[in-house]
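Data block below; observations after.
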Protein chains: 2
Amino acid sequence: MRISELAGASGLPVATIKFYLREGLLQPGLATSATQAAYDDGHVRRLRVIRALTGPVGLSVQQARTILGLIDDPGDDLYQTLGSAVSALPPVVEAASVDDPDPYPRARAALEALGQVYDPRFAAVAQLEAALTATEDAGMPLSEPRLLEYGRRLRELAEFDLEQMPSEPHAAVEYTVLGTALYEPVLLALRRLAHQDVAAQRTLGGDAD
Amino acid sequence: MRISELAGASGLPVATIKFYLREGLLQPGLATSATQAAYDDGHVRRLRVIRALTGPVGLSVQQARTILGLIDDPGDDLYQTLGSAVSALPPVVEAASVDDPDPYPRARAALEALGQVYDPRFAAVAQLEAALTATEDAGMPLSEPRLLEYGRRLRELAEFDLEQMPSEPHAAVEYTVLGTALYEPVLLALRRLAHQDVAAQRTLGGDAD
DNA sequence: TAGTATTGGAGAGCGTCACTATCCAATCAT
DNA sequence: ATGATTGGATAGTGACGCTCTCCAATACTA
């Protein structure tokens, strides 16, 4: 398959494919001469993943490169690989200073209350802290019971997710990393629809002032 | 309070505040002369909301303007206001053609299975469809049982959220609209942490092979 | 009242980002 | 042999979120 055929198969302009090649998102084709390279179905699939990550998931090219890199070449520790993947996902939050004895108090309190490990090195801990700070800054702090309710239910959902993880290591990494990224938009859409559904019932049911 | 004092109080450069004024995100101060305007605590709070929306929530200036506009001047129907807010939130998905008899088959199937209203005019329906399509494109489709599990739990969470809604209309709109936007990053961070926590237990518990 | 500082407002400039377009020499297809 | 296509490099583009500069009007300060 030549590049123009790959473009046809993927529905993307040749220029865009060249761009992804240059940026290292798409693995190079098998060079058959100085001006020719062969592409296959793997490239088509990869392009679909790239578009899924840069589109609905909303990753930058840089972030997508990191995620794809983890899938291509994961460490031997799933736990750490997941951590790396999370730190590549938005929102990007800069790490707190090393000196700070308690850089993420809100996140720490939440995780302790939930009985989950608190490790300030996790990107998601900083993300949680930033998100909680934002709710406070905007004047709508998340009450602790509510936070616990969220955490408890998401924890159950996470167990459900991990139960379905493939056993083969490479597949497991792909499942975990892509699953983290790809299912998030689904989750948000479902939450929004649920809110609308509940709001509709309330409204129709007589939202007395 | 003059603009330089507002800058001090909010920690933002004067130029940025002028930018938000120009873009219509921040309400103008009370003009006391041709070259002077008075700002108050409301402006400080508003700036905090703006930064929360454009920062952690990740909204563009354009999207933030829409959300803020809904809070300032909501319709009388909470349900519709929520719908407008959702369509301003990322990811932005273009609406399907009007002619298409079944533009969002995956979302429709999911909502019917969940027993929720399916209305193709909802932005979140298109978002759900796009998100589900992305999982398929990337080769990791969401199984129906899993989708139902997600939907069921998020629906419960939504009920929990709406129970705590203030009764005063203006506050209710603010709660619903800002809550949709502000709590999403919290949700995602908690999910990521839960995944990491579960993965840690699995890894330490002996991830054979 | 003279002189300096600050203000609101408008315009242009800047750095980043995700492409997109152009060019080129080597090679392929006929 | 000759026109099209390729990989590769470089430059251009349009959107975005600020940021800078300028200005005349006004405010404070002595």
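Residues that are among the basic types (Lys, Arg) and within 26 Å of A:VAL57 (Cβ to Cβ) within the range A:107-135 comprise just one, A:ARG121.
Of everything in the range B:112-133 that's in a helix (DSSP H, G or I) and over 20 Å from the mean Cα position of the chain (by Cα), which residue is modelled with the lowest pLDDT? Top of the filtered list is B:THR133. Would you check if there is a residue in the range B:75-86 being touching a Phe, Trp or Tyr at 6+ places or on another chain (Cβ under 8 Å), within 14 Å of another protein chain (Cβ to nearest Cβ), away from DNA strand D (no atom under 12 Å from the Cβ) and closer than 23 Å to A:ALA131 by Cβ? Yes, some residue in the range B:75-86 is touching a Phe, Trp or Tyr at 6+ places or on another chain (Cβ under 8 Å), within 14 Å of another protein chain (Cβ to nearest Cβ), away from DNA strand D (no atom under 12 Å from the Cβ) and closer than 23 Å to A:ALA131 by Cβ. When the range B:125-165 is filtered for residues that are within 7 Å of another protein chain (Cβ to nearest Cβ), within 22 Å of A:GLN164 (Cα to Cα) and of a type in the set (Asp, Glu), the ones remaining, listed by number, are B:ASP137, B:GLU149. Checking A:ALA31, A:ALA37, A:ALA52 one by one, the residue that is within 12 Å of DNA strand C (Cβ to nearest atom) and within 14 Å of another protein chain (Cβ to nearest Cβ) is A:ALA52 and no other.
If the condition is being among the hydrophobic types (A, V, I, L, M, F, W, C), farther than 25 Å from A:GLN127 by Cα, in contact with a helix residue (DSSP H, G or I) (Cβ under 8 Å, 6 or more places away or on another chain) and surrounded by fewer than 19 Cβ atoms within 10 Å (Cβ to Cβ), then the range B:10-56 contributes B:VAL14, B:ALA37.
Tell me whether the range B:167-175 contains one or more residues that are hydrophobic (A, V, I, L, M, F, W, C) and facing chain A (nearest Cβ under 7 Å). Checked the range B:167-175: no residue is hydrophobic (A, V, I, L, M, F, W, C) and facing chain A (nearest Cβ under 7 Å). All told, A:ARG46 meets the bar of being more than 8 Å from DNA strand C (Cβ to nearest atom) and within 14 Å of chain B (Cβ to nearest Cβ). Annotation note: of A:PRO91, A:PRO120, A:PRO101, the sole residue that is out of contact with any strand residue (DSSP E or B) (no Cβ under 9 Å at 6 or more places or on another chain) and farther than 24 Å from A:LEU178 by Cα is A:PRO101.
The values are calculated or read from the model by the stated rules, or taken from the named source; none is laboratory data. Here the structure is a predicted model, which means the values were calculated and not measured. For neighbour counting, all protein chains shown are included, and Cβ atoms are generated from backbone atoms with ideal geometry for every residue, glycine included.
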